[in-house]
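Just below is one structure, and these are the notes that go with it.
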Amino acid sequence: MTQLLITILCAALLICSNVAFGFQSAGPSHLAVSSHLLRSHPPSSSTHQILATKQIFSRRQTIRFLSSDQVEDNDPSIKIVKKKDDTLFDLKTTLFLVGGQSLLIGIAAGFAKMFNIPNFGLGPDINLNLSALQQGFLMALPMGGLAALLDQVEDKFPALQDVTKATHKSVLALLGGNFKPLLGLIIAIALGFAAGFGEEMLFRGVLQYGLAAKVGTAASLVVASLIFGALHAVTPLYALLAGVASVYFGYLYLSFGNLAVPIYAHALYDVGALYYAHWTVSQLSDEEQSELASM
């Protein structure tokens, strides 16, 4: 048991340290995206304006988004609004972070083979079918509800505000300050499912499953969740929220007997939360984004 616990803990710490190092070069000290309760402030009243050109054709309005070098000012029917360049977005950094998160899948599979855990850490009864996807979607809804509830009381608790700032700072470095509808969705899906598979395989499929036979079901759930929370300790409350999320995912695994359910719940929640947070950050003013990036 001790060998298993120490090995997995060291490996997880190594991966988190590498990801944090990559993110540090872009701004945030940690990737505050996966396995936690993302919450977002409402759009600022001083929302920055984006470059749009509006043309009227047969009572229909067409909006085009142009960069600063594509502005056409010779048409009086076009209203030009200056758009800032998204200097906060670096695709290489984003791809590095998605790749780093994906490494957890291989690490979990490697530990599963080392300790004779079935199906590469996916559990003995894994079934990635449509029914599991539907169950995962439904099980992600309570997390969204809790996030919405915390958002309503955030102004009263500085610790919650710190969690949101840490989240927004990470999202700003991950996707930049301008809203990217398609690219943002693709990155949210890639990162969400990398976290859903990698973290659930490692913490539920390998650690929780491997310890259960030695210390019991309840103790294995607690140990896995404590480690999970500690590795997400962006702030003390952030670590607590991550630990609560881990207990929930572990409970889902025990209840359904199918790791696919917490995998899907984890992934779908992260996708939705990340995409919404990206939209929210894009609504901040230039000054607010600069202040956030300099934290």
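Residues in the range 143-176 that are without any contact (Cβ under 8 Å) to a residue 60 or more places away in the chain and not hydrophobic (A, V, I, L, M, F, W, C): 145, 152, 155, 156, 158, 161.
In a residue-by-residue description of the range 208-228, the property of being open to solvent by 20 Å² or more (accessible area, probe 1.4 Å) and under 20 Å from residue 277 (Cβ atoms) applies to no position.
Each residue in the range 152-164 was checked for being closer than 16 Å to residue 274 by Cβ and open to solvent by 50 Å² or more (accessible area, probe 1.4 Å), and 0 pass.
Among the residues of the range 122-141, which ones are surrounded by 13 or more Cβ atoms within 10 Å (Cβ to Cβ) and modelled with pLDDT under 95? If the condition is that a residue be surrounded by 13 or more Cβ atoms within 10 Å (Cβ to Cβ) and modelled with pLDDT under 95, then 123 is the only one that fits. Residues of the range 168-184 that are polar (S, T, N, Q) and surrounded by fewer than 24 Cβ atoms within 10 Å (Cβ to Cβ): 178 alone. So, residue 101, is that one open to solvent by less than 50 Å² (accessible area, probe 1.4 Å) and either without any contact (Cβ under 8 Å) to a residue 40 or more places away in the chain or in contact with a Leu (Cβ under 7 Å, 6 or more places away or on another chain) (or both) or not? For residue 101, the condition - open to solvent by less than 50 Å² (accessible area, probe 1.4 Å) and either without any contact (Cβ under 8 Å) to a residue 40 or more places away in the chain or in contact with a Leu (Cβ under 7 Å, 6 or more places away or on another chain) (or both) - is met. Of all residues in the range 245-282, those satisfying the criterion of being among the β-branched types (Val, Ile, Thr) and within 16 Å of the chain's Cα centre (by Cα) are 263, 271, 280, 281.
So which residues in the range 74-96 are at pLDDT 90 or above and touching a Leu at 6+ places or on another chain (Cβ under 6 Å)? Hit for the range 74-96 is 94, nothing else. Among the residues of the range 281-295 satisfying the criterion of being modelled with pLDDT of 90 or more and of a type in the set (A, V, I, L, M, F, W, C), which is surrounded by the most Cβ atoms within 10 Å (Cβ to Cβ)? Here the residue is 281.
Within the set of pairs 6 or more residues apart or between chains, which connect a residue that is more than 14 Å from residue 94 (Cβ to Cβ) inside the range 177-195 to a residue that is assigned to a helix (DSSP H, G or I) and aromatic (Phe, Trp, Tyr) with Cβ atoms less than 6 Å apart? That search, which allows pairs on different chains as well, returns 179/279.
Residue count for the range 229-253, restricted to those that are among the hydroxyl-bearing types (Ser, Thr, Tyr), assigned to a helix (DSSP H, G or I) and open to solvent by less than 40 Å² (accessible area, probe 1.4 Å): 3.
Residue-wise test of (1) farther than 21 Å from residue 255 by Cα; (2) aromatic (Phe, Trp, Tyr); (3) free of Cβ contacts under 8 Å to residues at least 24 places away in the same chain.
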{"site": "198", "(1), (2), (3)": "no, no, no"}
{"site": "202", "(1), (2), (3)": "no, no, no"}
{"site": "209", "(1), (2), (3)": "no, yes, no"}
{"site": "212", "(1), (2), (3)": "no, no, yes"}
{"site": "216", "(1), (2), (3)": "no, no, yes"}
{"site": "219", "(1), (2), (3)": "no, no, yes"}
{"site": "223", "(1), (2), (3)": "no, no, no"}
{"site": "231", "(1), (2), (3)": "yes, no, no"}
{"site": "236", "(1), (2), (3)": "yes, no, no"}
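With the requirement that a residue be touching a helix residue (DSSP H, G or I) at 6+ places or on another chain (Cβ under 8 Å) and open to solvent by 10 Å² or more (accessible area, probe 1.4 Å), what does the range 256-278 give you? Scanning the range 256-278 gives 256, 258, 264, 268, 269, 271, 272, 273, 275. When you check residue 281 against the structure, is it in contact with a His (Cβ under 7 Å, 6 or more places away or on another chain), within 27 Å of residue 86 (Cβ to Cβ) and in a helix (DSSP H, G or I), yes or no? For residue 281, the condition - in contact with a His (Cβ under 7 Å, 6 or more places away or on another chain), within 27 Å of residue 86 (Cβ to Cβ) and in a helix (DSSP H, G or I) - is met.
The values are calculated or read from the model by the stated rules, or taken from the named source; none is laboratory data. The structure presented is a predicted model; accordingly, all values stated were derived computationally and were not measured. Using ideal geometry, Cβ is built from the backbone for each residue, glycine included, and neighbour counts are taken over all protein chains shown. Areas reflect the complete protein model, heavy atoms only, side chains present, ligands, DNA and RNA absent. Shrake-Rupley method; radii C 1.70, N 1.55, O 1.52, S 1.80 Å.
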